[in-house]
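So the structure is just underneath, and the comments pick up after that.
The values are calculated or read from the model by the stated rules, or taken from the named source; none is laboratory data. No experiment lies behind these values; they were computed from the predicted model shown. All Cβ positions, glycine included, derive from the backbone under ideal geometry; neighbour counts span all protein chains shown. For the accessible areas, the whole protein counts, side chains as well, though only heavy atoms, and no ligand, DNA or RNA atoms are used. Shrake-Rupley method; radii C 1.70, N 1.55, O 1.52, S 1.80 Å.
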Amino acid sequence: MSFFPSSLLDAFSALVDRLATLLQPLAADASTALAVVLFTVLVRLAVHPLSRAAVRGQQARVRLAPRIAALQEKHKRRPERLQRAILELHAEEKVSPFAGILPSLLQAPAFLLLYALFSSGDRMAGHALLAAPLDGRWAGALGDGGPFGPAGLVYLALFAVALAVAAYQYLRTRRETAQAQARARTGGGVQAQGPAAAVGRILPLLSFGTVVTVAFVPLAVALYLVTSTTWAVVERTLLMRKGPQAERGLAG
């Protein structure tokens, strides 16, 4: 059962069909799959300003790390005062602690709408990527030719891309976490312990969530997830590199 009214799904279906028609000369029978990828790109472009703000916020938090370490030392016996002081510092420097999650939150309606469209019975039946139906799932591909059948190979290719992106994101997250811990040690900050330390160890593993999700959602939704995750990783990598270069240019 969908949370979206039928009229909204009809309108969204018409949009996907219109994009697929425009892409027909380029992609032929895979035009609807390419339309899903194009839709994903349009969504990512729409939230790009927020992604830039999220990266700027992270870079600002890195810059503020020594001052936060000093506050941790000053208020180490008064956790409520420490929290208030950190919030005041973020407000003073115009750094939002929520900037990092806004791009994901604003993408949620697009994800849910796409999921509802390709899970709503026969509404998108007949659309496929090669031999794999866009409204089908990996379990169906396994039952129709196995993992190396025509449909199974489509999923294997998608799993391979998702796994490569997840591995890169995992290594990057571990590296950033290690750097943050090193800065905290250098600045005399309080090291994460107990549950917080456990979360820090588990957080990099969340990168593989997309790989698992691909196995259970309709193929069209899997295409959205893999495209969006790949875009996010590339976008973040470029923005993180651009920041220091811009700073060096201003310093010069």
(request) Name every residue in the range 24-52 that is open to solvent by 30 Å² or more (accessible area, probe 1.4 Å) and of a type in the set (A, V, I, L, M), in order of residue number. (result) LEU26, ALA28, LEU34, VAL37, LEU38, VAL41, LEU42, LEU45, ALA46, LEU50
(request) State which residue pairs qualify: first residue closer than 14 Å to VAL233 by Cα and inside the range 42-69, second residue at pLDDT 80 or above and of a type in the set (D, E, K, R) in any location, beta carbons under 6 Å apart, and separation of 6 or more residues or different chains. (result) SER51/GLU235
(request) Would you point out the residue of the range 1-23, among those that are open to solvent by less than 60 Å² (accessible area, probe 1.4 Å) and in a loop (DSSP other than H, G, I, E, B), that is nearest to SER120 (Cα to Cα)? (result) SER2
(request) Grab the helices (runs of 4 or more DSSP H) fully contained in the range 69-144, keeping just those with 1 or more residues being at pLDDT below 90. (result) 79-92, 102-118
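Every residue, every condition in (1) closer than 27 Å to TRP231 by Cα; (2) modelled with pLDDT of 85 or more, yes or no:
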residue: PHE159; (1), (2): yes, yes
residue: ALA166; (1), (2): yes, yes
residue: ARG174; (1), (2): yes, no
residue: GLN179; (1), (2): yes, no
residue: ALA182; (1), (2): no, no
residue: GLY188; (1), (2): no, no
residue: GLN191; (1), (2): no, no
residue: PRO195; (1), (2): no, no
(request) Test ALA139 against the criterion of being open to solvent by less than 60 Å² (accessible area, probe 1.4 Å) and on the phi < 0 side of the Ramachandran plot, and give yes or no. (result) no
(message) Go through the range 1-14 and report how many residues are at pLDDT 85 or above and in contact with a helix residue (DSSP H, G or I) (Cβ under 8 Å, 6 or more places away or on another chain).
(response) 4
